[in-house]
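What follows draws every value from the coordinates through simple rules; no lab data is involved. As the structure is a computational prediction, the values presented were derived from the model and not from experiment. Glycine also receives a Cβ, built like all others from the backbone with ideal geometry; neighbour counts cover every protein chain displayed.
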Amino acid sequence: MTRRFRMLVFGVVMLLIAAGGMVVVWAQHDDEEPVTILGTWTAEQAEQFETVLRGFGIPFRYQGTAAQREVLLSKVQAGDPPDIVIMPGLGELAEYAESDLLEPLEELYDPREYGAPWMPAGPSSGHVYWVPVKADLKSIVWYREGEEPGTSPAPLGRWCVGMGDDGASGWPGTDWIEDLVLQRAGPEDYGKWALGTDDEVEWWRSDPVRTAWEAWDGLLRQDEEAAEWALLTDHRGEPDGNGLLFDGPHRCALEHQGSFALSFYRDHAEHARLTDSAPLLPDGGGRVRAHEVAGDFAALFSDRPEARELIERLASKEGQQKWADLADVFSANRQVEPPDDAVKDEIARRLREGPRCLDASDVMAPAVRDAFYEAVLLTIARAAAGQAPGIPDLLHDVQRVQDAQSAPGTDSRAAPKTVCSKG
């Protein structure tokens, strides 16, 4: 079966499921057409990314959208996927790879320049289908310069919390729970929960996940008004503002957010400082077991030489250095020089040292991830309304989705096999 025919069959099947028989129109790329790229970066960061791409001398057309999952699925269903997609969702990319829709990336990058957890160890397919082109550090808390936090958990009123997002509201809450599981249970249990591969344990109903969820729920229930504000607030703050840490209406002082928060702080970024999250989490005080990290991964839907060359150049030391220098972003490439800035240098160092674990929800199958988001939003809504949390029922529902994804016969040959590095 040819690759083109496989893609057409996949598009027909998806359309029959989703739309009950819509006609598929196949759009063929001409060799002279620009390389099409679908990503999540918009506004200023999209402009910076396009500047990097123009330096490669390869014609391209970039589309950035917060609704990337929906846009990509519609393009695949229409038989016209982009040549390259860049997204954080490894679980989603694995599903496309398992449908034989992604091209292997062997020989397009030097694996010695990347390491665990960025590159999956030993996929049963024998291929690698993605490469990280941007990295971010999590398991940190931001605060304003000169206002250092204490060494114990803070009440909800001091936290800047926003669940809103253009594409997938609720994910900031998953970061809290993931960090709680990681710091309390450690990387080994965290990795098993993220991958959902241990048939003997219902990880969503296990003690590490349930107690982490209860600790976060306990924080939310300290202040119903603050919980409601978190539910209705965008995690980036106002569109033209300087992020929740500097513009939040309640003068919050701490923000549990990834290193990308620097872009939210805009003119105030130079006054932002960071510290490890472990002592400040609900029921905290423990040591740092590992750092959660996230990435934006490039994958190929096309075997066009131009697309392959663009991936190769973007993933190279030179391409990553240019991207990091121009856009003030971070790279998983070990050869990239860190920025000449104390805070950013600290982020770059932590991205490469010590145990690091990929964002669990990014690794999960899309159906499980979406159920995770929904359970997070329901937890906040119930806390804001003063209703009973119902955590066992919420986790039972997510476990049912996990069980369906792990049923016999499901294909996981392209999925990541490891989530955490050992050091």
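All distinct Cα pairs of the chain go into the 1/r average, and the inverse of that average, the Kirkwood radius, is 22.1 Å. Basic side chains Lys and Arg get +1 at the Cβ, acidic Asp and Glu get -1 at the Cβ, and with that the dipole of the stretch 289-423 about its Cα centre reaches some 440 debye. For the stretch 130-139, backbone phi angles converted through the Karplus equation (6.51, -1.76, 1.60; θ = phi - 60°) give residue-by-residue couplings of 8, 9, x, 10, 7, 10, 9, 9, 10, 6 Hz, Gly and Pro being listed as x.
If packing is taken as the mean number of other Cβ atoms within 10 Å per residue, what is the order of 165-175, 85-95, highest first? Before the final figure, lay out the partial values.
Details: 165-175: 19.2, 85-95: 24.0.
Packing order, densest peptide first, comes out as 85-95, 165-175.
Residues in the stretch 241-249 carry Karplus couplings, in order, of x, 10, x, 5, 5, 9, 10, x, x Hz; the curve used is 6.51 cos²θ - 1.76 cosθ + 1.60 with θ = phi - 60°, and Gly or Pro positions show x. Calculated mean residue ellipticity at 222 nm for the chain: -12500 deg cm²/dmol, from DSSP H runs with n ≥ 4 weighted as -39500 (n - 2.57), summed, divided by the residue count and rounded to 500.
Determine, for each peptide in 43-50, 138-145, the mean count of other beta carbons within 10 angstrom over its residues, then list the peptides with the highest first.
Working: 43-50: 15.8, 138-145: 21.4.
In descending order of packing, they fall as 138-145, 43-50.
Ranking Ser263, Pro111, Pro153 by how far each Cα lies toward the positive end of the dipole of the chain (charges on Cβ) leaves Pro111 at the top. Database remark: amide H of Ser302 closer than 5 angstrom to the amide H of Glu103 (H placed geometrically; neighbours at sequence offset of 5 or more, or on other chains; Pro and chain starts carry no H). Highest-first packing order for the peptide set 389-401, 246-258 is 246-258, 389-401, based on the mean count of other beta carbon atoms within 10 Å. Amide H to amide H, with H built 1.01 Å from N, Thr36 comes under 5 Å of Arg61, Asp83, Ile84, counting only residues 5 or more places away or on other chains.
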